[in-house]
Amino acid sequence: MSTTEPRSVQTQNQQHSLASPRVLRWGQHLVTAILLVIALLRQVSAQNNALPAILISLLFAAWYSAGFILHAKNRIFPKPTWWLALLLGIWIASLLISAEFMWLAFSLWLLIGHQLPFLPSVLWSVVVYAFTLLAPYLHHTQLSLASAAGPLVGGLFAWGISRGYLQMERDAQERTSLVNSLMRAQQEMAALQEDLARSQHEAGIAAERTRLAREIHDTIAQQLSSIGLHAKAATGASNAGAAQEALQRIDQLSAQALNDLRRIIAALAPAELDSQALAGALSRVLENFSSDSGVESALDIEPGLPLLDPSVQIALLRTAQSALSNVRRHAQATKVVVSLSFSDDEVRLDIVDDGIGFTPPAGRLLPNTHVGGFGLTAMNRRLIELGGGLEVESAAGDGTALCAHLPLRARKDKP
């Protein structure tokens, strides 16, 4: 979310600033000052009670100004009701001096409508209107229709303006609160986006670590295990020919391990799939397996196998490598058969040995199911991520059958 407001919003802010409550408040002060000056000049020009009129005008102006100044500075000051009551008392006293101070009724109506709640403002406005009717009668012993209708119209107009002014202030406060809420929401959104990006980065790191662990386990770890077996064979060889053969095999396996390590670092596809299809890669893996372990092996591939996605080929190849590694280390088998078949929407890789077997967990293997060591667990997770799964059938003394199945086109789950 951008922190820059659109041009239309900026224009509205400028227009709103021209009619802001601050501007209206200063307009109200200007109106009050003009009305007070008019009333004082009319009374002074009449040369009647000039000094009392000046004094009462100064008192009204001082009390009026003190209320707004001290309130603006957040100092302790009587509540608006008491301030208005005293201001109204000063105005009533000015009416006793001269009826010209009726002009200030308009300013009082503005203050009453703004400072007081609805019902009290109506009652106080009626009181002010009553004194505007009483003042001419006290000084001139007469009351005309114009002197009654004029203040009534002016009072209604001033009270209506003040209520609108009050509503504008409330709207401005609500708008300020809304803007503050939006800014806080924007900051929270930015923080959430940072957290999400951090979580995604950490998840990517974890996924990449898991992938590298699988790759290393399925390639380099198995090759190093084979190197260790051949090294033991060379050490315990009874003749130089057997030792030489074991050393040559160690040399071949170390070269393959180095090649696979370079491929992993460069994040490239497995070396076995660079120049040949999955069937050829499985054939070579079985050949190396039989050469290293002495276990008889057979490969059965269903004719017409369709072209598989690279991710599917890699997953099946790694599954076969890991399964054969488990057979060599644990199964004590004499024969292994690897079968590759397919249906309309699925490809299956079956690996069956005649070894000692084991007792697998019951039911379907879930992503977090631990089956033996890291090898079977990693195979299971890899296949499930691509939309497939791993099934294990085994019993003590009856060998083991693994079935890896994947959709013909991988549908890798994404968070």
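The values are calculated or read from the model by the stated rules, or taken from the named source; none is laboratory data. Everything quoted here is computed from the prediction, not taken from an experiment. Cβ atoms come from the backbone with ideal geometry, glycine included; neighbour counts cover every protein chain shown.
If the condition is being within 18 Å of residue 328 (Cα to Cα), surrounded by 12 or more Cβ atoms within 10 Å (Cβ to Cβ) and charged (D, E, K, R), then the range 224-255 contributes only 249. Might you check whether a residue that is at pLDDT 80 or above, outside any helix (DSSP H, G or I) and more than 24 Å from residue 349 (Cβ to Cβ) occurs anywhere in the range 242-263? Checked against the condition, which is being at pLDDT 80 or above, outside any helix (DSSP H, G or I) and more than 24 Å from residue 349 (Cβ to Cβ), the range 242-263 yields no hits at all.
Scan the range 321-332 and tell me whether some residue there is over 20 Å from residue 392 (Cβ atoms) and either assigned to a helix (DSSP H, G or I) or not aromatic (Phe, Trp, Tyr) (or both). No - not one qualifying residue is present in the range 321-332. Scanning the range 369-414 for residues that are assigned to a loop (DSSP other than H, G, I, E, B), surrounded by 18 or more Cβ atoms within 10 Å (Cβ to Cβ) and modelled with pLDDT of 80 or more turns up 386, 388, 399. Annotation note: Cβ proximity below 6 Å between a residue of the range 172-183 that is in the same structural domain as residue 25 (by TED's automatic domain parsing) and under 23 Å from residue 25 (Cα atoms) and a residue that is surrounded by 11 or more Cβ atoms within 10 Å (Cβ to Cβ) and modelled with pLDDT under 85 (sequence gap 6+ or interchain) occurs for 172/21. Comparison of 110, 87, 156, 95 shows that the only residue that is surrounded by 15 or more Cβ atoms within 10 Å (Cβ to Cβ), modelled with pLDDT under 80 and assigned to a helix (DSSP H, G or I) is 110.
Just the residues that are in contact with a Ser or Thr (Cβ under 8 Å, 6 or more places away or on another chain) and farther than 19 Å from residue 108 by Cβ, please, taken from the range 47-71. Result: 48, 49. Might you check whether a residue that is among the aliphatic types (A, V, I, L, M), at pLDDT 80 or above, within 22 Å of residue 41 (Cβ to Cβ) and loosely packed, with under 14 Cβ neighbours inside 10 Å occurs anywhere in the range 62-72? Within the range 62-72, one or more residues are among the aliphatic types (A, V, I, L, M), at pLDDT 80 or above, within 22 Å of residue 41 (Cβ to Cβ) and loosely packed, with under 14 Cβ neighbours inside 10 Å. Taken together, 221, 231 contain a single residue that is out of contact with any His (no Cβ under 8 Å at 6 or more places or on another chain), closer than 22 Å to residue 383 by Cβ and part of a helix (DSSP H, G or I), which is 221.
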